[in-house]
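Accompanying notes for the structure given below.
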Ligand SMILES: Nc1ncnc2c1ncn2[C@@H]1O[C@H](COP(=O)(O)OP(=O)(O)OP(=O)(O)O)[C@@H](O)[C@H]1O
């Protein structure tokens, strides 16, 4: 238990469990005292999760923190011993000060450029590049447009100067200052070494040189270090992280033991297979995941005509999943960039499906949450003992919680969702404990979560970027927008950048426990000529497992996965048809379709009527591209309806009869 240990752990192999059990075992056997353990995680959510699991194992009181939170705490503690004056103000966002610095250095201040310059400053700091060394090292860096390495250096100096003038510390300064302090003040380092004797680090593949340096200073001459990581999930190299520390640690720390965890407990065999197919292209890890043998549906690949059609169909599938009994909080829609979330927010909202945006307003900053916690505190003394969820529900009832949600969306629903998350938290805390949980313990847990901004799960479909989804899991995951340009992202132009995108894709698909659906669309807007192609990663995954794309609207399993052998040709020019939309229409994008103009007008009128009747925007009834396709294919049976891109089983059931009736009414009108 005491020497260095490197755990290479694949996705879903139970890292958190392994770490928490190791700490609990160490405490139970007397190998170490939990007071002397510092567990470091990448996010405050992961730290909160670790503390909660340790509490449930009967090991409360372990310091589980992010590097920043641990460093900030120590820096505050030692401040008066090494510095003069009050503790500096923390600079949460760089943009304001940086804009000023750029203006002072004579640069034009544009929002986008400021953001990129901030990222470069962060990169230099976490890579431990001092301003003086920056020029020599910056030659290979891709800098924001219009900014040379010398210009960047000038901005860095101006930014530093403003920070010292105004006594500000940014995020990176916290780590840098503490590292410097531990390097120069032996007395302070000795106190830290006395306090923290055992270290556990999660997500070690994503540590930066600065975090590594700080860790080594914390460790000093001690050897009790356990790091856990997965090189295939390194997704922050753009921000200065590197997996070389994880891979080289065994040779850096003499006597270090290495073990691998490969049994994936999270996902079905089908998802594990898909993950391994992607893993085999990463060339990054010796790990091959093994499944526990739990079987589930094969991943479903679907191609849509445009973004709108994709969002609408994914929302329809989610509504269907919920109607089958799946909890909304067990479903996620994951995308590459935050900008993609809007279409899915609209489509889910139109169907009355609640959703939570990861990265939205902080849970503990919400008014109703503050009110609820205050009320629980005030009531603590006068409440008779009862099961915790019942007690919390009764108190929150006074400010608007009820066992059932209010009808409709809007502010009252949001308020209810927040309060319900508190009741849900009480229920899950009670579930994890065999003894009745006292309200006081619940309040301490809330205080702890509040301090670390570790929000409880809210019941809604999660919408998140893949970066924000790291470390999380859902029963059903919809990976959307998987076209070239988005995945890999267009600015990933070097092999290293594409490799990072592939790892991001791997992280995304390993979030799913049971169902995984992957989709993309061929055009950004309806009616535009298709220009996009599916992500190359889809091809890699499909070629490894012989899976094929399900054109929009076809049910999983209705098509032989290997049926794509004989090429389908354009009925007009004979060219091989590549995309599912072309194959459905049986013509290529360059050959004009023969649209029945009378039928088209009738369909557009019908769509308007439906839109008024159902109070939905017309495009949500059918996109214009779909209406055009109907006027071209003129389907008269359900099977023919299947040839229309944008019509899935739900639409077919809802509108199929009307559409066929309109086609029949216009037969022979061309
Ligand atoms: N020994 C085990 N037996 C059964 N289930 C387990 C075991 N260990 C972990 N699990 C479950 O497997 C899932 C994945 O565990 P966990 O989230 O800790 O994985 P991870 O290694 O951190 O994954 P990732 O790196 O992909 O985020 C969780 O649902 C967890 O409860």
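The values are calculated or read from the model by the stated rules, or taken from the named source; none is laboratory data. Since we're looking at a predicted model, the values are computed, not measured. A quick note on method: Cβ atoms are made from the backbone with ideal geometry, for glycine too, and the neighbour counts reach across all protein chains shown.
Somewhere in the stretch 478-496, is a residue in a strand (DSSP E or B), within 16 Å of the ligand (Cβ to nearest atom) and under 21 Å from residue 11 (Cβ atoms)?
To start, the set of residues in the stretch 478-496 that are in a strand (DSSP E or B) comprises 478-479, 483, 485-486, 489.
Pick out the ones that are also within 16 Å of the ligand (Cβ to nearest atom) and you get 479.
When the remaining residues are screened for being under 21 Å from residue 11 (Cβ atoms), the result is 479.
For the stretch 478-496, residues in a strand (DSSP E or B), within 16 Å of the ligand (Cβ to nearest atom) and under 21 Å from residue 11 (Cβ atoms): present.
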Checklist entry - Quick one: residue 47 ticks every box in (1) within 16 Å of the ligand (Cβ to nearest atom); (2) farther than 23 Å from residue 443 by Cβ bar one, so which box is it? => result (2)
Next on the checklist: One residue is enough: does the stretch 277-286 have a residue meeting the conditions crowded, with 16+ Cβ neighbours inside 10 Å, away from the ligand (no atom under 16 Å from the Cβ), modelled with pLDDT of 85 or more and more than 30 Å from residue 120 (Cα to Cα)?
Outcome noted: yes
Item to check | One residue from 614, 600 being surrounded by fewer than 15 Cβ atoms within 10 Å (Cβ to Cβ) and at pLDDT 65 or above | outcome: 614
Checklist entry - With respect to the numbered conditions (1) out of contact with any helix residue (DSSP H, G or I) (no Cβ under 8 Å at 6 or more places or on another chain); (2) farther than 22 Å from residue 536 by Cα, which one is the sole condition not fulfilled by residue 300? => result (2)
Item to check | Residue match in the stretch 232-254 (condition: surrounded by fewer than 18 Cβ atoms within 10 Å (Cβ to Cβ) and not in a helix (DSSP H, G or I)) | outcome: yes
Checklist entry - Among the residues of the stretch 380-400, which ones are part of a helix (DSSP H, G or I), touching a residue at least 24 places away in the same chain (Cβ under 8 Å) and over 32 Å from the mean Cα position of the chain (by Cα)? => result 380, 391
Checklist entry - Filtering the stretch 187-231 down to residues that are assigned to a loop (DSSP other than H, G, I, E, B) and more than 16 Å from the ligand (Cβ to nearest atom), which residue is farthest from residue 32 (Cα to Cα)? => result 208
Checklist entry - From 116, 132, which residue is free of Cβ contacts under 8 Å to residues at least 24 places away in the same chain and within 21 Å of residue 208 (Cβ to Cβ)? => result 132
Item to check | For residue 294: the one exception among (1) buried (at least 18 other Cβ atoms within 10 Å of the Cβ); (2) more than 23 Å from the chain's Cα centre (by Cα) | outcome: (1)
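Residue-by-condition table, conditions (1) surrounded by 15 or more Cβ atoms within 10 Å (Cβ to Cβ); (2) modelled with pLDDT of 95 or more:
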position: 137; (1), (2): no, no
position: 152; (1), (2): yes, no
position: 159; (1), (2): yes, yes
position: 174; (1), (2): yes, yes
position: 179; (1), (2): yes, yes
position: 187; (1), (2): no, yes
Item to check | Considering residues of the stretch 487-523 that are under 19 Å from residue 297 (Cβ atoms) and within 14 Å of the chain's Cα centre (by Cα) only, the residue surrounded by the fewest Cβ atoms within 10 Å (Cβ to Cβ) | outcome: 509
Item to check | In the stretch 446-474, residue surrounded by the most Cβ atoms within 10 Å (Cβ to Cβ) [restricted to those that are in a helix (DSSP H, G or I) and at pLDDT 85 or above] | outcome: 469
Checklist outcome for this item: Within the stretch 330-353, of all residues that are farther than 19 Å from residue 518 by Cα and surrounded by fewer than 19 Cβ atoms within 10 Å (Cβ to Cβ), the one modelled with the highest pLDDT is 351
Checklist entry - Of everything in the stretch 1-14 that's in contact with a helix residue (DSSP H, G or I) (Cβ under 8 Å, 6 or more places away or on another chain) and outside any loop (DSSP other than H, G, I, E, B), which residue is farthest from the ligand (Cβ to nearest atom)? => result 6
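Residue-wise test of (1) modelled with pLDDT of 90 or more; (2) crowded, with 17+ Cβ neighbours inside 10 Å; (3) in a loop (DSSP other than H, G, I, E, B).
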| site | (1), (2), (3) |
| --- | --- |
| 20 | yes, yes, no |
| 39 | yes, yes, no |
| 85 | yes, no, yes |
| 90 | yes, no, no |
Next on the checklist: For the stretch 500-518: of the residues being more than 16 Å from the ligand (Cβ to nearest atom) and closer than 19 Å to residue 533 by Cα, which is modelled with the lowest pLDDT?
Outcome noted: 501
Checklist entry - Within the stretch 478-503, which residues are within 17 Å of residue 343 (Cα to Cα), touching a residue at least 60 places away in the same chain (Cβ under 8 Å) and touching a helix residue (DSSP H, G or I) at 6+ places or on another chain (Cβ under 7 Å)? => result 478, 479, 480, 481
Checklist entry - Of the numbered conditions (1) surrounded by fewer than 22 Cβ atoms within 10 Å (Cβ to Cβ); (2) free of Cβ contacts under 8 Å to residues at least 60 places away in the same chain; (3) assigned to a helix (DSSP H, G or I), residue 321 satisfies every one except a single condition; which is it? => result (2)
Next on the checklist: Going residue by residue through the stretch 245-262, is there one that turns out to be within 16 Å of the ligand (Cβ to nearest atom) and either touching a helix residue (DSSP H, G or I) at 6+ places or on another chain (Cβ under 6 Å) or at pLDDT 95 or above (or both)?
Outcome noted: yes
Checklist entry - Which one of 17, 53, 65, 22 is within 16 Å of the ligand (Cβ to nearest atom) and touching a helix residue (DSSP H, G or I) at 6+ places or on another chain (Cβ under 6 Å)? => result 53
Checklist entry - Out of all the residues in the stretch 263-276, which are more than 13 Å from the ligand (Cβ to nearest atom) and either at positive phi or surrounded by 17 or more Cβ atoms within 10 Å (Cβ to Cβ) (or both)? => result 270, 273, 274, 276
